[in-house]
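Report on one structure; see the data block that follows.
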Amino acid sequence: MNVIGLVLVLAVVCLYEIPSLVRQKLWRELAAFLCVSGLAFTLALLMMIGVDTPNPLTWLEAAAKWIVSLFG
Amino acid sequence: MTISHKTTARQLGSILLLLRVSPMTLTMPMMIGMPSSQGLWIAAIAATVISVPLVAWMAALCRAEGLDDVIGISRRLLGTIVGSAVGWLFVLYWLILAAFELRSVSEAYVTGVMTATPIMAFMVLTALVSAGIARRGIRLIAMMCELIALLILVSVLLTMVMPLDMIQLRNLLPVLPEGLRPLASPTVTAVSLFLDMVVLMMIAPSMNSGRGLIRGTIWSVLVSGAMLASLLAAMNAVFGPLSTALELPAFILTQVISIGAAVERLEVITMASWTFGVGLALATILWAAAVASARLLNLTCYEPLVYPLGGLTVFLAIRMWPDVGNFDRSVTGISGGLVTSLFILAALAILTVARWLKRRTDGGSGPTGGDRRARNVAAIVAMGLIISLSTGCWSRKEIETLGFVVATGIDTSLGATHWDGTGSDGDPGKLMQCTVQVMKPNSITSGERGPSLERPFWGVAVTGRTMMECVRKLSEVSPRVLYWPHNRWLVIGEEYAKGGVGKMLDFWERNQETRLRTSVGVVAGGRAWDLFQAEFELERTPSEGGRKVAINVSQKLSTVVLATINDFVVAMASEGIDPIAVRAEIIPYTLPYEVTGDVVREEVKATARLTGASVFRGDKLVGWLDGREARGYNWVVGKVKSALLVVDAPGQSVELDPMASLIGLEIIRAKGTFKPKISDDGRDIKMGVQISAEASIADAQPYVDSYTAADLWTFLERQLEEAIKSEAMASIRKAQELQADVFGFGREVYRTNPRVWKQVKDQWYEIFAGLEPEIEVSVNIVRSGLKVRSVKVSEMGGAGEGR
């Protein structure tokens, strides 16, 4: 169910963005769009099917611990 | 509205102000986990003072670099590779910030209002709408922010001002109970939130002038700092020690607003701030992330990146925080906030140093304006979208499906009631009985046939182990979904109250539908169930009748002590004060005559009287104040609104007729305060109570002449002073006998002399019991009604005894 919704949203956004980019021959922009959408889609999909995805909060917390340890 | 091509100072200020809205009106991270809340407003001011130069630094750097954005500046000053790395870090930071905003607004909706809705629905909708706005550029965001910021300013102001009757400024004392040290963490948290304004370094290229950039920035820091400090003060003044335990303090603050007992449910105000303010803040951050990444990738336009980044934001918002506890912790103290603020400050410092090193060789390049003309239509469409988001409700509640609970009673269990279905397993001693009165909507409406003859309410009782279990079990017998915001009364049976009420009160603070303004009462010598059989002849529902009786008696006699759940819990949670609540008693009542004619009504078995107060120690009922003692309490704490005291008339008039010797004095206004008098060594504590009142002569049995007899006034004043003093003394003596400090004498010691309090608090009840009150009363009799002197009964000579 959620996966269907995800694909639907992706499809709508693609239909909204891609045609005008192709028409204007903005290939770099198109590539950037596809990369970021692909990243978001993959991460969301992995999370939905239960694969452990990276969590920036753990990076932040690790960094915080490191900074605190610097000050003793 | 005219569309200027450039962003004005006011628009920039509005954008940055809205960035501060979510941490203020939602989680209020400064308050979470703090030991005390009194000094937090000082931390807010300190954070503002610290933040002004920091944020001005950002603006000044952009201005000095010819209004370039942070990506351009760092690439030029640090070289393409290092500069791009810094730029990507900024993009990551904005993504995390966007995820935070998204999660916080969705979490607020799910926690506070629509608990049944999946949080995903809010996230996706909010992200879509915000991305839609972001895609249209900073011009549209700027214009919308300018409109919305005013609305939010007004709504936050209303939030602070409207709970006026619940604000107790003395809750702000002592200002710094644990010294300055505990303020460090909230100050750091607040500063880190102010640093979110770094997004101004992306907006700079669209500014109309460098001066506007600086002005808008400083304006927003000062205004949001003032808002933050006053909001913190208001929350603390209303909720006292409770405020650091609340999940959505501003929301709960709007929940307690009640204007003339009619206008309620004003939390809509806060919800508007959430939707508009946080939605636009999210749009700003998404826009910044998209523009920054487009610049880093050397793209000609950023628009295609907005929706994909929005999707990434939704992912992060779900992935980063498994639960709310996690979420709350990540914004406070030594955590994510620290890292991001250090990152921003480090980036600023590096850029400034690089600029200083490079200044000789390089001049700044001109601003790059990538603006598009935004259309009003787009603004209106986007606004419409946001509004539709706030009204289209998933877990909506239609009025026809609701049963309005108007009063709730709590008793110890007598075993399962005949309503009970599913057996409550477990120790019968741990069971409680919960009685509710639900309005019958069909029988309130008075159509053409006149008011219905049915009883307009339905009483039902269930037993359960916890409050919420009882509430849920009611759904086994109630065809309508019970709806709690209109619950006026929480009535507790004497037996249950003696066993402690703290365990049951948690539900009332935690639940979304219950209100902290609900009145608390205890049934003297009876059960709540029995009280709920009582009715008031003049009102159709006992709950409404009880509410009006409470108002009446407090305004005419002051012989009852009124308390809301908030008052009760604050007293329970504060050091040096014990809770007090209404005392209700059941009066068996039968009509002495046959009811005939049109009045067909189920027999009224009993009615109720509200008088006196129930005295708690901790959360357990320990005794009662009678009506006179309750008024004594009201004198001491300054809650007497009006009263009638009967005193003896001057001697000479009494001699004339001993059977007509009384004068009734009506209190027009009164004040009462108390202040501890502590000897220098802190050992000897006395309590100085000062009461002042104005009164007028309300009725006089003997002949009195207020025009000629000047000493009459002073005589009556002395009499009244004595009467008030004895009532106040009686209440203090009673509380001392019960060893329950309902006045908050201990709290006053704590507020005025926190150090002395630390020494005495362990033996406070003993000290309290031996405390010698010094009561000073001053009374002014200012009026004598519509008469200057009494009318003499004319005496004619002749037969009879004569005098």
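General observations
- Any hit, the stretch B:255-262, residues being surrounded by 20 or more Cβ atoms within 10 Å (Cβ to Cβ), in contact with a strand residue (DSSP E or B) (Cβ under 9 Å, 6 or more places away or on another chain) and over 22 Å from residue B:148 (Cα atoms): yes
- Being at positive phi, more than 7 Å from chain A (Cβ to nearest Cβ) and modelled with pLDDT under 90 holds for only one residue in B:333, B:337, and it is B:333.
- Pair list, Cβ < 8 Å and 6+ apart or interchain, from the stretch A:21-32 residues that are at the interface with chain B (Cβ under 7 Å from one of its Cβ atoms) to residues that are crowded, with 17+ Cβ neighbours inside 10 Å and among the hydroxyl-bearing types (Ser, Thr, Tyr): A:32/B:293
- Output for the stretch B:292-308, where each listed residue is of a type outside the set (Ser, Thr, Tyr), facing chain A (nearest Cβ under 7 Å) and either open to solvent by 30 Å² or more (accessible area, probe 1.4 Å) or closer than 15 Å to residue A:26 by Cα (or both): B:297, B:299, B:301, B:304, B:305
- Condition check for residue B:500: modelled with pLDDT of 90 or more and part of a loop (DSSP other than H, G, I, E, B): yes
- Filter result for the condition that a residue is free of Cβ contacts under 8 Å to residues at least 60 places away in the same chain and surrounded by fewer than 18 Cβ atoms within 10 Å (Cβ to Cβ), over B:176, B:153, B:164, B:89: B:164
- Residues of the stretch B:475-497 satisfying the condition of being buried (at least 22 other Cβ atoms within 10 Å of the Cβ) and not in a loop (DSSP other than H, G, I, E, B): B:489, B:490, B:491, B:492, B:493, B:496, B:497
- Elements of type helices (runs of 4 or more DSSP H) contained in chain A, each with 3 or more residues being over 25 Å from residue B:304 (Cβ atoms): A:56-70
- Contacts under 9 angstrom Cβ, first residue in the stretch A:1-12 being under 15 Å from residue B:120 (Cβ atoms), partner of a type outside the set (Asp, Glu) and open to solvent by 90 Å² or more (accessible area, probe 1.4 Å), 6 or more apart: A:3/A:49
- Matching residues in the stretch B:39-52 - criterion: being surrounded by 24 or more Cβ atoms within 10 Å (Cβ to Cβ) and within 21 Å of the chain's Cα centre (by Cα): B:40, B:43, B:44
- Residue match in the stretch B:700-722 (condition: in contact with a helix residue (DSSP H, G or I) (Cβ under 9 Å, 6 or more places away or on another chain), within 22 Å of residue B:673 (Cα to Cα) and either open to solvent by 60 Å² or more (accessible area, probe 1.4 Å) or at pLDDT 90 or above (or both)): no
The values are calculated or read from the model by the stated rules, or taken from the named source; none is laboratory data. Here the structure is a predicted model, which means the values were calculated and not measured. No Cβ is skipped: glycine too gets one built from the backbone with ideal geometry, and neighbour counts run over all protein chains shown. SASA here: full protein model, heavy atoms, side chains in, ligands and nucleic acids out. Shrake-Rupley method; radii C 1.70, N 1.55, O 1.52, S 1.80 Å.
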